[in-house]
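To start, the structure itself, in structure tokens.
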Amino acid sequence: MDNLRQTLKDLKIVPVLTPVSVEKTVEMTRAMAAGGINSVEITLRTDCAFDAIKAVQEADLGVQVGVGTIINAELVHKVADMGVDFAVTPGITPAVLSAAKERELNVLPGVSGPSELMLGLEYGYTNFKLFPAAVVNGLAMLKALAGPFPDICFCPTGGVSESNANEFLSLPNVVCVGGSWMLPKAAIESGDWNTITEISRRAMSL
Ligand code: 3PG
């Protein structure tokens with residue numbers, strides 16, 4: 001098994017965190033870590049994202065710090081310079097894949113079907129994010145992809161929740177799942193970190 005695949009298996013759940021502020025990003029990550037979560041994918045969807053990533057790295061919370069929303073080669077270089085542990089893309093382009101190879105960055109390229117998967121294979125990738133998992137009928141898609149691509153593994157993300165994560169995790173070609181269900185908006189707004197810790201604990205015991 002390649003190193004990245006083993007790491008993804010160990011992570012099991014990759015929380016997708018959209019930073020609302022630098023301080024709250026650190027607290028959300030701390031709360032998830034207290035519940036046993038050992039990674040976080042911080043998305044680049046808000047202005048404070050890069051500062052939030054740096055703050056989480058500096059807080060040294062014992063979690064692998066990944067970055068999501070990598071949509072072009074420039075962002076690959078930027079997060080590689082920051083020394084992130086991994087990067088996740090919503091889709092796949094030759095420019096992004098080339099840059100990631102060049103920088104030897106651990107990347108989970110996002111695919112939604114077989115053609116994109118084949119492009120990733122041409123660049124040597126064997127672990128993919130399936131996105132958006134619920135929209136592409138993820139469970140059925142993953143079962144179908146296992147036929148022609150028996151050695152490929154996936155992290156389904158997008159519409160994964162506490163109620164369906166187990167169904168995904170029990171598929172042989174799923175190594176981990178991604179999602180934001182352990183970060184409810186109300187808990188983030190009110191600073192209810194205990195709720196986030198509790199949902200994280202349940203997620204890790206799935
Ligand atoms: C996203 O698009 O924000 C991620 O894939 C997470 O999706 P989710 O909020 O449906 O878990």
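The values are calculated or read from the model by the stated rules, or taken from the named source; none is laboratory data. Everything numeric in this text was worked out from a predicted model, so none of it was measured. Positions of Cβ are generated from backbone atoms using ideal geometry, with glycine treated the same way; all protein chains shown enter the neighbour counts. Areas reflect the complete protein model, heavy atoms only, side chains present, ligands, DNA and RNA absent. Shrake-Rupley method; radii C 1.70, N 1.55, O 1.52, S 1.80 Å.
Listing for the model above:
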quantity: With every protein chain in place, the stretch 86-191: carbon and sulfur % of accessible area (1.4 Å); calculated: 56
quantity: Stretch gain in nm, segment H77-K143, where the contour uses 0.36 nm per residue and the Cα spacing is subtracted; calculated: 20.3 nm
quantity: Packing-based order for 175-182, 67-74, using average beta carbon neighbours within 10 Å, highest first; calculated: 175-182, 67-74
quantity: Separation of the E167 and Q64 label points, Cα + 7 Å toward Cβ, nm; calculated: 2.7
quantity: Dipole magnitude (debye, nearest 20) for the chain, charges at Cβ of Lys, Arg, Asp, Glu; calculated: 400
quantity: Cα→Cβ-extended label distance, 7 Å offset, between V20 and E104, nm; calculated: 4.0
quantity: Positive-pole candidate from V76, L145, L44, dipole of the chain, charges at beta carbon; calculated: L145
quantity: Reachable lysines from K143, criterion Cα separation under 25 angstrom, eight or more residues apart if same chain; calculated: K9, K12, K129
quantity: Whole-Å distance, taken between Cα centres, linking the stretch 21-52 and the stretch 125-187; calculated: 21
quantity: Rg over Rh [alpha-carbon atoms, Kirkwood Rh] for the chain; calculated: 0.95
quantity: Summed residue charge, Cβ within 12 Å of C176's Cβ, Lys/Arg positive, Asp/Glu negative; calculated: +2
